[in-house]
Amino acid sequence: MLKRIFLFSLALAILAGNLRAQTAPRSIPTPASFFGFQPGTDRELFNYESLIDYMKILADQSPRISMIEIGTSPLGRTMYAAFLSSEKNIRNLSRLKEINRKLALDPDIPAGERKALYKEGKVFILATLSMHSTEVGPSQSAPLVAYQVATTQDPDLLGWLNDVVYMMVPCHNPDGMDMVVENYNKYKGTKYEGCSLPRVYHKYVGHDNNRDFVTLSQTDTKAIAALYNKTWLPQVMIEKHQMGSTGARYFVPPVHDPIADNIDEQIWNWTWIFGSNMSKDMSVAGLAGVSQHYLFDDYWPGSTETAIWKNLIGMLTECASAHLATPVFVEKNELSAGGKGLGEYKKSINMPFPWEGGWWRLSDIIQYELATTWSLIKTGSKHHDEILAFRNDLCRREVKKGKTEAPFFYVIPASQRDVSALFGMIDLLNEHGVNVYQCNKPLVYEGRVISKGDYVVPLSQPYRAFIKEVMEAQKFPARHYMPGGELIRPYDITSWSLSLHRGIKSMEIDHPFGELNSALVPVTYPLEKVSGIPGEAKVLVLSASRNDSYHAVFDALQKEIPVKRVIKESGGLNPGDFLITLNKKSRKSISSILSDLAADPSYLNESFKGDATPLTLPKIGLIETWFSDSDAGWTRFIFDSYSIPFDVLRPADLKEKELGDYDVLVFPNDSKGVLMEGKYQRGGGSYSIPSYDPKYIKGMGKEGLSRLMKFIDDGGVVISWEGSTALFMGVLTIKHDKENKEEFQLPIRDLSSAMRSSKVYIPGSLLKVNLLKNHPLCYGMPATTNVFSRGTPVFATSVPRFDMDRRVVGTYAEDHILVSGYAENEDQLADKTVLAWLKKGKGQLVLFGFNPQFRASTPVNFKLLFNGLLLK
């Protein structure tokens, strides 16, 4: 084993031009001496704190390494970027940063100055490691990369580092890294060694952290995105991942179709160059199983590769996994391939050197990771001048397109139904590095009024591709394996329009409009500060149409500030609006909740005379499984963001805990099999056992489901969406006591099987839904909304019996159902129920056929969820 580790350590350097073994300066500890083991050793992992401590030592003792803080993780750990380059470049980082900014954002650099900047500048390659924390190899390889850079005397590597700054984020997800390493060490040496972490490996979102690079909701996402949006502006970005154990050993660019139409063709060309060099260099080093043009596509923003919409050469790699640090043996006949680009596990143009099977270790993963790192740096050096020129050329081309091709502007009216959603979107565009302006006078464009103060986003900006991508309705770039053949299906979702997902009205200007261009003034941030309470005001009014009103209301209820809710339209107020009476005692405490608002609320100068009912703070239980439950994590994030208190309950808790302690139980999207049995259900009714310690493989069972039904019958409220709604279909049972058992069926059924038979296919799209006016669930909502849907479940209600009732609250539109994204046979959804309210006994159920908070990216529908929490 020791011989193997030594040999692989030497092999790591092959791609750096046959690096000679070096003797490190005595002041710089080797990774093995610092960690107590060589990174990559079987069954050994270091945690985030140890990683950063070692990186800091290298930065302190080597003039070729510098470390900067870039932000904090959701759990408060400091995040860092490490700069690895020549000593001269490290001393000159501030100047090189200025050059990056100029090349990325200035389309008007004179030709002579441009050429000088190409010579003076350096290629910055941003690498983000192990954002998915079970994909341990990239972060475990980081000390070896840094140590080699710090100590090498090899002239080839030193030459490359004269041209390149390798800008490494040693760990993209510090919180998850510590969780996974702690869990691995806990079970190491037991029969459950290598078992899965029983929770998401993140404070909130787990694997979905690589779906947050448009919404930018998480602090770690924000920290990474800022590096390429606004601060360091590197020319190249790579995110390093891992995949399953029984397929290709490694994936390098280019990606497979479909690709994004808005991305400049030369970005895709550059990914071919970097990827082909990686594949070639790895093959020379004898590293088998490298694939290209396989499985992964790049038509959608949301991952770290959203960088390509900001003119970076953006890429990802994927390495086959072991069981974390525990080796796996893969039989040759267990190797398989599937999906786009590899129909079978055979020698092919997309995998010319297949791996033959055998042991697969963390040391192998690290060997592949370091090989690709040296290849990236070498390619960046080889094409130094071209890459820097390309960055500014693309900046100039995008600005020119914005002046010569439609659309020319997006106008976002300042008057919107939800000003908090508007301000949130403008702030988000700014965070993305997009320049937003306001119109300083009223104008008319083709009969449409542009008011003074309306927001305007010109397309003549370096980030034009991003602006167009997130402001237009999405049209999926449908590609097929052959003419008239099978669709190449999308890897993830097909809709992400900022305005449509937020319920914000916007207008495309499709012709040059010089008068508008001359009327623009830059937006001043922050957008608006909330004023104090007027002295004559008697009642604070919080409009139900604004999401931030709910934040203030939940905050007020926690602070025991009395809140009422309008029941009927009266005195200019709408059903669902919130009222807080102002007096000398309450004014001080109420002032503290105004910080929850994006803009000023309304006030009444006299008492409200209409119908209003007092609100109480609901006691909420959120059902979250142990199985990396990202949707429950997103729900926790929304609740925390809006000051909504809750307890987390596990499915098995429904058998044991006193459910009567809660007013509302919330079931995010999860399968019935996981919720009932703690297992994944396959077709035909069989189950597969997940890879967790058995104490976590527990569901609510029939007993828990019966107790849940009794909770409803006794007056509780249940909110459920997507997969979890299957719990409430078919024959249900309440065990009132030993002698008394009630069987019933709610007046609703799921039509999903019929939709599948009709070949309805909705891969995550925005669909139009009509809402029931003035229903308590719809307070603050327009008559029609856009929902993020995957097409199922879809419901049919029936005439109720006994102590049950139902209302159809939301139905898919009759026509023009698809608003943004992709759909097949969506006409089968027309007029079908997608949101239903049900009554059983004294209690209520709210069943959503869509996700009301999908990845925190659909503020347009948050109110439907918040209103459900406030049902009584």
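The values are calculated or read from the model by the stated rules, or taken from the named source; none is laboratory data. This is a predicted model, so every value here is computed, not measured. Cβ: placed from backbone, ideal geometry, glycine included. Neighbour counts: every protein chain shown. Each accessible area value is taken on the protein alone, full model and side chains, heavy atoms only, with ligands, DNA and RNA left out. Shrake-Rupley method; radii C 1.70, N 1.55, O 1.52, S 1.80 Å.
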Name the pairs whose Cβ atoms lie under 6 Å apart, with the first residue in region 293-308 and modelled with pLDDT of 95 or more, the second open to solvent by 10 Å² or more (accessible area, probe 1.4 Å) and among the hydroxyl-bearing types (Ser, Thr, Tyr), and 6 or more positions between them or separate chains? Asp297/Tyr491
Kindly evaluate Thr616 against the criterion of being under 29 Å from Tyr662 (Cβ atoms), touching a residue at least 40 places away in the same chain (Cβ under 8 Å), open to solvent by less than 30 Å² (accessible area, probe 1.4 Å) and assigned to a loop (DSSP other than H, G, I, E, B). no
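Considering every residue within region 61-79, establish whether at least one is part of a loop (DSSP other than H, G, I, E, B), of a type in the set (Lys, Arg) and open to solvent by less than 60 Å² (accessible area, probe 1.4 Å).
Of all residues in region 61-79, those part of a loop (DSSP other than H, G, I, E, B) come to 62-64, 73-77.
Retained after the next criterion (residues that are of a type in the set (Lys, Arg)): 64, 77.
Then keep just the ones that are open to solvent by less than 60 Å² (accessible area, probe 1.4 Å); that gives 64.
Looking for residues that are part of a loop (DSSP other than H, G, I, E, B), of a type in the set (Lys, Arg) and open to solvent by less than 60 Å² (accessible area, probe 1.4 Å), one finds at least one in region 61-79, hence yes.
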Residue check for Phe329: part of a loop (DSSP other than H, G, I, E, B) and open to solvent by 10 Å² or more (accessible area, probe 1.4 Å): no
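Check Ile90, Ile99 and return the single one that is of a type in the set (Val, Ile, Thr) and farther than 26 Å from Pro143 by Cβ.
Among Ile90, Ile99, only Ile99 is of a type in the set (Val, Ile, Thr) and farther than 26 Å from Pro143 by Cβ.
Could you please find all residues in region 310-323 being farther than 30 Å from Arg391 by Cα and open to solvent by less than 20 Å² (accessible area, probe 1.4 Å)?
Selection gives Ala320, Ser321, Ala322.
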Pairs please, first residue from region 340-367 and in contact (Cβ under 8 Å) with a residue 24 or more places away in the chain and within 12 Å of Thr246 (Cα to Cα), second anywhere and open to solvent by 60 Å² or more (accessible area, probe 1.4 Å) and of a type in the set (Asp, Glu), Cβ atoms under 7 Å, 6+ apart in sequence or on different chains. Gly357/Glu331
Which condition does Gln218 not pass, out of (1) over 23 Å from Glu135 (Cβ atoms); (2) under 17 Å from the mean Cα position of the chain (by Cα), if it passes all the others? (1)
I'm checking my understanding of the structure. Among residues of region 628-668 that are open to solvent by less than 20 Å² (accessible area, probe 1.4 Å) and of a type in the set (Phe, Trp, Tyr), which one is nearest to Arg565 (Cα to Cα)? Phe639
If we scan region 641-656, do we find a residue that is of a type in the set (Phe, Trp, Tyr), modelled with pLDDT under 95 and in contact with a helix residue (DSSP H, G or I) (Cβ under 8 Å, 6 or more places away or on another chain)? no
The conditions are (1) open to solvent by 70 Å² or more (accessible area, probe 1.4 Å); (2) more than 34 Å from the chain's Cα centre (by Cα), and Lys759 fails exactly one of them. Which is it? (2)
Which residues, taken from region 782-815, are open to solvent by 20 Å² or more (accessible area, probe 1.4 Å) and assigned to a loop (DSSP other than H, G, I, E, B)? Pro782, Ala783, Arg790, Thr792, Ser798, Val799, Pro800, Arg801, Phe802, Asp803, Glu814, Asp815
What are the residues in region 147-183 that are free of Cβ contacts under 8 Å to residues at least 60 places away in the same chain and in contact with a Cys (Cβ under 7 Å, 6 or more places away or on another chain), if any? none
Under the condition of being part of a helix (DSSP H, G or I) and open to solvent by 10 Å² or more (accessible area, probe 1.4 Å), which residue from region 827-855 is nearest to Arg807 (Cα to Cα)? Gln828
When region 762-779 is examined, which residues are found to be touching a residue at least 24 places away in the same chain (Cβ under 8 Å) and either open to solvent by 20 Å² or more (accessible area, probe 1.4 Å) or polar (S, T, N, Q) (or both)? Ser765, Lys768, Asn770, Leu771, Leu772, Asn774, His775, Pro776, Tyr779
Condition test on Asp281, is it out of contact with any Gly (no Cβ under 8 Å at 6 or more places or on another chain), in contact (Cβ under 8 Å) with a residue 24 or more places away in the chain and either open to solvent by 30 Å² or more (accessible area, probe 1.4 Å) or part of a loop (DSSP other than H, G, I, E, B) (or both)? no
Residue among Leu144, Leu197 that is open to solvent by 10 Å² or more (accessible area, probe 1.4 Å), under 27 Å from Trp374 (Cα atoms) and touching a residue at least 60 places away in the same chain (Cβ under 8 Å): Leu144
Residue pairs meeting the criteria (Cβ under 6 Å; at least 6 apart or on separate chains; first under 17 Å from Pro793 (Cβ atoms), in region 657-669; second of a type in the set (Asp, Glu)): Pro668/Asp631; Asn669/Asp631; Asn669/Glu722
If a residue counts only when it is open to solvent by 20 Å² or more (accessible area, probe 1.4 Å), which strands (runs of 3 or more DSSP E) contained entirely in region 710-751 have at least 1 such residues? 731-735, 741-745, 748-750
I need the full set of residues from region 670-681 which are touching a Ser or Thr at 6+ places or on another chain (Cβ under 6 Å) and in a loop (DSSP other than H, G, I, E, B), in order please. Asp670
Any idea which of (1) open to solvent by 60 Å² or more (accessible area, probe 1.4 Å); (2) modelled with pLDDT of 95 or more is the one Asn583 doesn't satisfy? (2)
Residue under question is Val180, and the condition is that it be of a type in the set (A, V, I, L, M, F, W, C), on the phi < 0 side of the Ramachandran plot, in contact with a helix residue (DSSP H, G or I) (Cβ under 7 Å, 6 or more places away or on another chain) and open to solvent by less than 10 Å² (accessible area, probe 1.4 Å); does it hold? no
Being open to solvent by less than 60 Å² (accessible area, probe 1.4 Å) and assigned to a strand (DSSP E or B) is the filter here; which residues of region 333-376 pass it? Ser348, Met351, Gly358, Trp360
Give me the pairs, please: first residue somewhere in region 813-838 and farther than 30 Å from Val717 by Cβ and in contact (Cβ under 8 Å) with a residue 24 or more places away in the chain, second residue anywhere and outside any strand (DSSP E or B) and basic (Lys, Arg), beta-carbon distance under 8 Å, and either six or more positions apart or on two chains. Glu824/Lys759; Asn825/Lys759
Quick one: Met315 ticks every box in (1) more than 23 Å from the chain's Cα centre (by Cα); (2) in contact (Cβ under 8 Å) with a residue 40 or more places away in the chain bar one, so which box is it? (1)
Sole exception among (1) farther than 25 Å from Ser495 by Cα; (2) in a helix (DSSP H, G or I) for Leu287, by number: (2)
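Kindly indicate whether Val456 is in a strand (DSSP E or B), aliphatic (A, V, I, L, M) and crowded, with 22+ Cβ neighbours inside 10 Å.
Numbers: in a strand (DSSP E or B): yes; aliphatic (A, V, I, L, M): yes; crowded, with 22+ Cβ neighbours inside 10 Å: yes.
Spelling it out, Val456 is indeed in a strand (DSSP E or B), aliphatic (A, V, I, L, M) and crowded, with 22+ Cβ neighbours inside 10 Å.
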Just checking: which of the helices (runs of 4 or more DSSP H) contained wholly in region 469-562 hold 3 or more residues that are open to solvent by less than 30 Å² (accessible area, probe 1.4 Å) and modelled with pLDDT of 95 or more? 498-502, 547-558
What pairs come up if the first residue lies in region 234-254 and is of a type in the set (Lys, Arg), the second is at pLDDT 95 or above and in a loop (DSSP other than H, G, I, E, B), and their beta carbons are under 6 Å apart, counting only those six or more places apart or on different chains? Arg249/Gly289; Arg249/Trp355
